[in-house]
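To start, the structure itself, in structure tokens.
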Amino acid sequence: MSIFLGFLFLFPLFLILFKKLLPSKRKLPPGPRGLPIIGNLHHLGRSLHSVFHKLSLEHGPVMLLHFGVVPVVVFSSKETAKEVLKTHDLETCTRPKLVANGLFSRNFKDIGFTQYGEDWQEMKKLVGLELFSPKKQKSFRYIREEEGDLLVKKISKSAQTQTLIDLRKASFSFTAGTIFRLAFGQNFHECDFIDMGRLEELVLEAETNVCILALTDFLPTGLGWLADRISGRHSRMNKAFSKLTNLFQHVIDEQLKIGQLQDHSNLVSAMLDMINRPSKFSSFNITSNHLIAMMSGVVLAGVNAGTITMVWIVTELIRHPRVMKKLQAEIRATLGSNKERITEEDLQKVEYLNLVIKETFRLHPPSPLLLPRETMSDIEIEGYHIPKNALIRINTYTIGQFNPERFSNTSINYKGQDYELLPFGAGRRSCPGMNLGITILELGLLNILYFFDWSLPNGMTIEDIDMEEN
């Protein structure tokens with residue numbers, strides 16, 4: 001009798017296991033063969049987007065890999081990207097709970113890595129109102145223009161003394177200086193607790209660690225956790241994010257000293273006011289973790305991405321003298337030869353600059369792999385079955401010649417409607433700071449291209465430029 005009862009109890013378990021072992025009748029995407037336990041982790045290298053690009057040339061634009069026990073579907077064409085980001089946007093708009101993302105975002109309290117739902121919607125409304133609204137952008141104009149003036153002043157000093165200029169550091173100072181003033185109310189040019197050099201180190205360290213693939217996310221329970229701790233990976237992530245948190249705590253303390261939180265003059269003061277007076281605003285409970293997570297997200301998405309794009313644009317212009325000459329001639333002819341200061345009224349006047357920006361986004365998107373998504377239900381794309389809870393990666397990386405004229409007489413833009421150009425993503429999870437980011441980028445570029453001529457250091461040739469995507 002006991003054997004019979006045991007059989008009745010175990011039979012459903014055997015049935016489920018047997019069903020899982022049977023080949024699926026649904027057509028799964030093709031992909032490289034994996035190994036037991038680790039799946040396709042051995043295929044990965046330092047540059048995920050390059051690896052995915054090479055594998056997609058062999059296996060196609062919809063490709064299935066396994067990171068350990070987790071299915072990962074990679075989409076590598078504009079057609080399949082459109083399927084994910086438009087047709088199946090609602091079914092794929094949540095984020096996977098990855099270890100690095102959770103640590104960075106204070107347990108998913110930002111808008112970039114938070115799972116889709118009411119909390120994410122409330123945070124998106126908040127940042128849209130307090131940082132990215134047209135009213136806020138208009139009030140912040142003087143900050144952006146002042147930072148443009150500082151950029152010109154800094155480069156002018158090097159030009160007058162004929163010393164080399166580190167374009168990355170100059171671009172970072174301009175972009176970070178702008179973002180920190182308008183978002184955090186903190187002028188880092190006059191800051192006594194950190195300088196721009198140290199700030200750049202912290203941002204780069206945080207970005208490196210947030211992109212880490214933690215084995216805890218992909219290997220069987222316990223095995224990945226142990227591997228991350230033995231390798232020191234988990235400790236490095238914690239240390240990097242703790243340093244950034246300490247910096248933000250200084251900024252928060254400075255804002256509390258200033259007071260006037262009810263003015264909502266920047267994102268930090270607005271969120272501190274909401275923390276202090278929760279019943280005044282909504283039923284959504286804003287905490288200090290939300291504040292630090294939002295600050296982290298703004299810095300990662302706004303500062304480093306803008307810096308990278310500005311450096312890539314100037315690099316491509318130096319590599320292509322014809323384009324540089326044409327662009328600078330159009331800028332100077334359009335704005336006049338005696339302009340003392342670039343203002344935001346000058347933006348969008350130079351059509352060719354817009355083409356150069358588009359072409360740079362095409363070849364050097366600030367984040368070639370869009371932030372990971374996760375399927376919330378089974379879907380079908382290009383005839384392939386994509387199971388629920390699969391990790392989705394959209395790879396926008398491409399290889400080609402730098403030719404801004406390809407965008408002449410076309411309506412293609414980078415605002416999320418054209419899926420061959422996705423620097424800000426598309427759909428529900430597109431970047432809410434796109435307009436601000438483009439404004440800062442255009443303002444910086446107009447300043448450095450109107451007032452200065454650029455060339456490589458003596459003895460360096462175009463062939464010596466390192467074009468590797470880091």
- How large is ³J(HN,Hα), in whole Hz, for each residue of the stretch 185-196 in order, when computed from phi with the Karplus curve 6.51 cos²θ - 1.76 cosθ + 1.60 and θ = phi - 60°, using x for Gly and Pro? x, 10, 8, 6, 6, 10, 7, 9, 9, 6, 10, 5
- Query: Roughly how many debye, to the nearest 20, is the charge dipole of the stretch 130-200 about its Cα centre, given +1 on each Lys and Arg Cβ, -1 on each Asp and Glu Cβ, and no other charges?
  - Reply: 260
- Message: In the stretch 195-243, if the dipole is taken from +1 on Lys/Arg beta carbons and -1 on Asp/Glu beta carbons about the Cα centre, which of G197, F241, W225 is farthest to the positive end?
- Response: W225
- Going by how many other beta carbons lie within 10 Å of each one, how would you line up R341, R141, R233, fewest first? R341, R141, R233
- Assertion target for F184, F52, F193, ordered by fewest C-beta neighbours within 10 angstrom first, is F193, F184, F52
- Message: Spelling out what I want: for every residue of the stretch 41-58, take phi, set θ = phi - 60°, compute 6.51 cos²θ - 1.76 cosθ + 1.60 (Karplus), and round to whole Hz; glycine and proline get x.
- Response: 4, 6, 7, 7, x, 5, 10, 4, 5, 5, 4, 4, 4, 5, 5, 5, 5, 8
- How much mean residue ellipticity at 222 nm does the chain get from its helices, if each DSSP H run of length 4 or more adds -39500 (n - 2.57) and you divide by all residues, to the nearest 500 deg cm²/dmol? -16000 deg cm²/dmol
- Considering amide H positions built from the backbone, and no H for Pro or chain starts, which residues 5 or more places from L28, or on another chain, come under 5 Å of its amide H? H385
- GluC sites (Glu not before Pro) within the stretch 395-470: DSSP coil, no more than 15 neighbouring Cβ in 10 Å: E420, E468, E469
- Item | Phi to ³J(HN,Hα) by Karplus 6.51 cos²θ - 1.76 cosθ + 1.60 over the stretch 405-419, Hz, x for Gly, Pro | 4, 4, 9, 5, 6, 10, 9, 4, 9, 10, 9, x, 9, 10, 8
- Note on the structure: Classified through the alpha carbon gyration tensor (a ≥ b ≥ c as square roots of its eigenvalues; rounded if a/c is under 1.5, else prolate when a/b is larger than b/c, else oblate), the stretch 19-92 comes out oblate
- Can you give the net charge of the other residues whose Cβ lies under 9 Å from the Cβ of P372, counting K and R as +1 and D and E as -1? +2
- Sort the following peptides by mean Cβ neighbour count (other Cβ atoms within 10 Å, averaged over residues), highest first: 452-462, 39-49, 358-368. 358-368, 39-49, 452-462
- Task: Any chance you could give the angle, 0 to 90 degrees and rounded to 10, that helix 118-130 forms with the longest Cα principal axis of the chain?
- Result: 0
- Item | Residue among N389, T360, L44 farthest towards the positive dipole end of the chain, charges placed on Cβ | N389
- Report, to the nearest 10°, how far helix 288-298 tilts away from the longest principal axis of the Cα atoms in the chain, using its own Cα long axis and a range of 0 to 90°. 60
- Message: Which lysines, if any, have their Cα less than 29 Å from the Cα of K243, not counting same-chain residues under 8 positions apart?
- Response: K97, K109, K124, K125, K154, K169, K257
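Read the figures in this text as sums done on the coordinates, not as results from a lab. These figures come from a predicted structure and were not determined experimentally. Counting neighbours? That spans all protein chains shown, and the Cβs are built from the backbone with ideal geometry, glycine included.
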